[in-house]
Amino acid sequence: MKNRWVVLAAGIVIQIVLGGVYAWSTFTPALVENYGLDNGQCGLIFGLIIAVFTVAMTQAGRVLQKKGPKLTAGIGGLLFLAGYFAASFSGGNFIVLLLSLGVVAGAGIGFGYVCPLSVGMKWFPNNKGLVTGIAVAGFGGGAIAFASGGQAMLDNGYDVLTIFRLIGLVLGGLVFAAAMLLAEPDGEKKAGGEDGEGIKRFVFSRNFGLISLGMFAGTFAGLLVVGNLKSIGLWRGLTAQQAVFAVSLYSVGNAIGRITWGQIHDRFGYRTIVLSLSFMAIVLAALLVPMGANAFVAVACLIGFGFGACFVVYAATVVNEYGTELFAKLYPICFLGYGLAGLVAPGVGGRIYDVTQSYSGAVVLSAVIVVAATGVIGLWLRPGKQLVVESGEVKETDLEPGEDMKTG
């Protein structure tokens, strides 16, 4: 029988490695300076990674259910390895980088990401929230090692494509090895649920649409910033080392935010969506003010903290609105808002800079989207009756006042 602590540790290793994708902006200046890419192209590569990651995650869930976590995460590790390894032979060609990193490595992240979350909750059924928080915090904090390690290698004369090769071979191999340690508890049963037609009525409901809008708006802002963060720091006059430190502190804030916002949601329920988006709008506005390096790093950390809310607040709200049985089918659909934001936001941010030589327009665009979403959600999102699945049928349950769309 597998040791559940070994399984948990293996899952955390996978999450930390895959979460290094958030350090992408560390490599952007080298791709621009050495291989002639522009900031918009670099942003599009990062955005496609995120978009493919979210789409692949929905398919990986099906493979996980049928074949188990070892094969699913193993596929993820091999795709991650293959994508970065192929990128290292691209010669800086944009299309090759887009396909190898955006499609292949992005799919690898999607297949790897879903396994530690699912398996961890099954091994620790009485500590689901804590285990999930640790796992997603690992993903959020993985960029710290990528940013500092990647910048150190660049400073020591390593070519960025050589770094991609090492990432693929060493870290992709590490993901594959960790995947071989994953297993579900003995006697684990497969969950049932609604069919496709039954799910549609929830997907097209007002509340689900508003929850998905919040996911898109919050992640649009967070991904636009993190996808260009090193370049934004250089634009603000920071040194390369200071800008990379800002990327690391963004990741620290992201990891802390994923745990803290979950606790806030436990207290305020669905209202946490408006609180988190309002917080994001305020810290985005701070980026428009000229500031020193220390203040910039602090603001980057706070934006990361706000971004971290997106990965716990919306999941918790979906659980409490639709129940645990429907969560597995509905949350990946909500999560596609993150994928859409990834496809659009980083590239748009980089393109705005290419045209205007300023990131102010990109920051303003993000803030406007967040403020608009905050207003719409604040006006229209109201708790519905919680749903439970009994004997394969969805039923509504009445909750006590104050418990609507709140955990506990």
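In the chain, the longest principal axis of the Cα atoms and the axis of helix 128-155 are about 10 degrees apart. Based on the Kirkwood approach, the hydrodynamic radius assigned to the range 139-266 is 18.6 Å, with every pair of different Cα atoms included.
Its relative contact order, with pairs defined as Cα atoms under 8 Å and 6+ residues apart, puts the chain at 25 percent. Based on Cα atoms of the range 70-123, Rg over Rh with Rh as the Kirkwood radius reads 1.14. Could you tell me how many degrees, from 0 to 90 and to the nearest 10, lie between the Cα long axis of helix 293-308 and the main elongation axis, the longest principal axis, of the Cα atoms of the chain? Long axis of 293-308 versus the principal axis of the chain: about 30 degrees. Across the range 1-188, the relative contact order, built from alpha-carbon pairs under 8 Å that are at least six residues apart, equals 41 percent. Its Cα gyration tensor gives the range 1-188 an equivalent ellipsoid; the semi-axes, largest first and in whole Å, are 30, 16, 13. In plain terms, if you count all Cα to Cα distances in the range 1-58 and split them into 5 Å steps from zero, the share in each step is 4, 15, 18, 17, 14, 12, 8, 5, 4, 2, 0 percent.
Normalising the average separation of contacting C-alpha pairs (under 8 angstrom, six or more residues apart) by the number of residues puts the relative contact order of the range 130-282 at 45 percent.
Let me know the whole percent of all Cα-Cα pairs from the range 212-329 that are separated by more than 18 Å.
I get 50 percent for the Cα pairs in the range 212-329 exceeding 18 Å.
The longest stretch of the chain left intact once loop-based GluC sites (Glu not before Pro) with at most 15 other Cβ atoms within 10 Å are removed from consideration, loops following DSSP, is 189-402.
Panel values: the range 304-371, Kirkwood radius from alpha carbon pairs, Stokes-Einstein at 20 °C and 1.002 mPa s, translational diffusion coefficient 155 µm²/s. In the list (i) -0.28, -0.38; (ii) -0.22, -0.30; (iii) -0.34, -0.44, the label attached to log10 I(q)/I(0) by the Debye sum over Cα atoms at q = 0.06, 0.07 Å⁻¹ as derived from the coordinates here is (ii). How far, in degrees from 0 to 90, does helix 272-286 lean away from the longest principal axis of the Cα atoms of the chain, to the nearest 10? That works out to roughly 10 degrees.
In the structure shown, the pairs LYS122/LYS200; LYS66/LYS122; LYS66/LYS200 are assessed against 20 Å; a Cα-Cα span above that value is assigned to LYS122/LYS200; LYS66/LYS200. Sequentially through the range 250-266, phi angles give Karplus couplings (6.51, -1.76, 1.60; θ = phi - 60°) of 4, 5, 4, x, 4, 5, 5, x, 5, 8, 5, 5, x, 5, 5, 4, 4 Hz, Gly and Pro residues having no value and appearing as x.
Ordering TYR331, TYR113 by the number of other Cβ atoms within 10 Å of each residue's own Cβ, fewest first, gives TYR331, TYR113. Work out the FRET efficiency for ARG201 and GLN65 from their Cβ-Cβ distance, taking R0 = 25 Å, and round it to the nearest 0.05. According to the calculation, E is roughly 0.65.
Each value in this text was obtained by applying a stated rule to the coordinates, not by laboratory testing. Not measured: the values here are computed from a predicted model. A quick note on method: Cβ atoms are made from the backbone with ideal geometry, for glycine too, and the neighbour counts reach across all protein chains shown.
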